[in-house]
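Each remark here refers to the structure printed beneath this line.
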Amino acid sequence: MAISEKLQAARIVSLPNDAYYIPNFITEEEEDQLLRKISHAPLPRWTQLSHRRLQTWPSSLTKTNTLLSAALPPWLTYPVIEPKFTELGIFAESPHAAPNHVLINEYRPGQGIMPHEDGPAYYPLVATVSLGAPIVLDIYDKELESAVEDGDARERVDRAQVRYRILQEPRSLLVTRGEMYTGYLHGIAEKVADEDLGPETICNWDLLGVRDGFARGSYERATRTSLTYRDVLKVAKMGNTLKFLGGKK
Ligand SMILES: O=C(O)CCC(=O)C(=O)O
Ligand SMILES: [Fe+2]
């Protein structure tokens, strides 16, 4: 089954292939329930980074980018994957025909994520559910990559040209795949407000659920949490892993 007509209708037409944006993908109750589950996870579940904190489900990848096979917990599966992703056919063409891995990133005002690409460990498709507050995702040309690696990264990032800006409302779904995944970098600026919002600057402006809410052209950031669903290509069954560790046939 290929992607549905509903998803096709949500394509961000000003972006290269392919990105899709659906406002109000989940209800407020579903959002509250997810935020509750995230905040009730035991503290060791969180990895504290200098500019945000994150949870990894069901576990971090191994050094060889392998996922140890384990089911996602029901609260990350229902209703986001089943039935919603399945109905839209989002992962229909990915190797496991479903996501098997979820990163949960939390950004307080002033926090962000440096421009990066998600890399070859995953099938080139990310489905992001946003919770709590809006945030702008910046899309950069890939040439920036070498500049970042050359050191003095922060200064170069500050000067780098943002190619596209995607406004993600709370409860929305953003899907990026194909060239959007492999051909560009993405990041979130470390700011306390997102400004200069309008039809000329925000590529999914026509698809927003509450455009009027951004008519002032800016908002103060509040805590925004994202769930990024992906399909990890290499999966090791536990039995095989134990065999490997024990050196037995
Ligand atoms: O929070 C987001 O929307 C982006 C997260 C991200 O880029 C990542 O986890 O790789
Ligand atoms: Fe990313």
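In region 205-227, the residues that are without any contact (Cβ under 8 Å) to a residue 60 or more places away in the chain reach residues that are open to solvent by 40 Å² or more (accessible area, probe 1.4 Å) and outside any loop (DSSP other than H, G, I, E, B) with C-beta atoms within less than 9 angstrom, at least six apart or across chains, in these pairs: Trp205/Arg211. Among the residues of region 155-173, the ones that are open to solvent by 40 Å² or more (accessible area, probe 1.4 Å), more than 16 Å from ligand 2 (Cβ to nearest atom) and either at pLDDT 70 or above or in a strand (DSSP E or B) (or both) come to 2 in all. When the test is whether a residue is open to solvent by 30 Å² or more (accessible area, probe 1.4 Å), modelled with pLDDT of 95 or more and in contact with a Gly (Cβ under 8 Å, 6 or more places away or on another chain), Leu7 does not pass it.
For residues that are hydrophobic (A, V, I, L, M, F, W, C) and farther than 13 Å from Gln168 by Cα, scanning just region 187-221, find the one that is surrounded by the most Cβ atoms within 10 Å (Cβ to Cβ). Even if it seems obvious, please write down each step before you answer.
Narrowing region 187-221 to residues hydrophobic (A, V, I, L, M, F, W, C): 188-189, 192-193, 197, 202-203, 205, 207-208, 210, 214-215.
Checking the rest, the ones that are also farther than 13 Å from Gln168 by Cα come to 189, 192-193, 215.
Working: Ala189: 20, Val192: 11, Ala193: 10, Ala215: 9.
Of everything passing the filter in region 187-221, Ala189 is surrounded by the most Cβ atoms within 10 Å (Cβ to Cβ).
Aliphatic (A, V, I, L, M) and in a helix (DSSP H, G or I), is that true of Leu76?
On the way: aliphatic (A, V, I, L, M): yes; in a helix (DSSP H, G or I): yes.
Yes; evaluated as a whole, the condition is true for this residue.
Which residue, of Thr77, Thr47, Thr66, Thr86, is touching a residue at least 24 places away in the same chain (Cβ under 8 Å) and among the polar types (S, T, N, Q)?
Working: Thr77 fails: touching a residue at least 24 places away in the same chain (Cβ under 8 Å); Thr47 fails: touching a residue at least 24 places away in the same chain (Cβ under 8 Å); Thr86 fails: touching a residue at least 24 places away in the same chain (Cβ under 8 Å).
Thr66 is the lone residue from the list that is touching a residue at least 24 places away in the same chain (Cβ under 8 Å) and among the polar types (S, T, N, Q).
Taking region 82-108, which residues are among the aliphatic types (A, V, I, L, M), under 16 Å from Ser59 (Cβ atoms) and away from ligand 2 (no atom under 16 Å from the Cβ)? Scanning region 82-108 gives no hits. Each residue in region 18-50 was checked for being in a loop (DSSP other than H, G, I, E, B), modelled with pLDDT of 95 or more and out of contact with any strand residue (DSSP E or B) (no Cβ under 7 Å at 6 or more places or on another chain), and 3 of them qualify.
Here Leu103 clears all of (1) closer than 13 Å to Thr225 by Cα; (2) away from ligand 1 (no atom under 16 Å from the Cβ) except the condition numbered (2). Of everything in region 111-154 that is assigned to a loop (DSSP other than H, G, I, E, B) and among the acidic types (Asp, Glu), the residue that is modelled with the lowest pLDDT is Asp150. On inspection, Glu28 passes the criterion of being loosely packed, with under 15 Cβ neighbours inside 10 Å and touching a Lys or Arg at 6+ places or on another chain (Cβ under 8 Å). Pairs meeting the criteria (first residue in region 1-12 and without any contact (Cβ under 8 Å) to a residue 24 or more places away in the chain and in a loop (DSSP other than H, G, I, E, B), second residue of a type in the set (D, E, K, R) and open to solvent by less than 60 Å² (accessible area, probe 1.4 Å), beta carbons under 7 Å, at least 6 apart or on different chains) are lacking.
The values are calculated or read from the model by the stated rules, or taken from the named source; none is laboratory data. Fair warning: this is a prediction, and the values are worked out from it, not measured in the lab. Don't worry about glycine lacking a Cβ; one is built from the backbone with ideal geometry, like all the others, and counts go over all protein chains shown. Accessible surface is based on the protein model in full, side chains and every heavy atom, while ligands, DNA and RNA are left aside. Shrake-Rupley method; radii C 1.70, N 1.55, O 1.52, S 1.80 Å.
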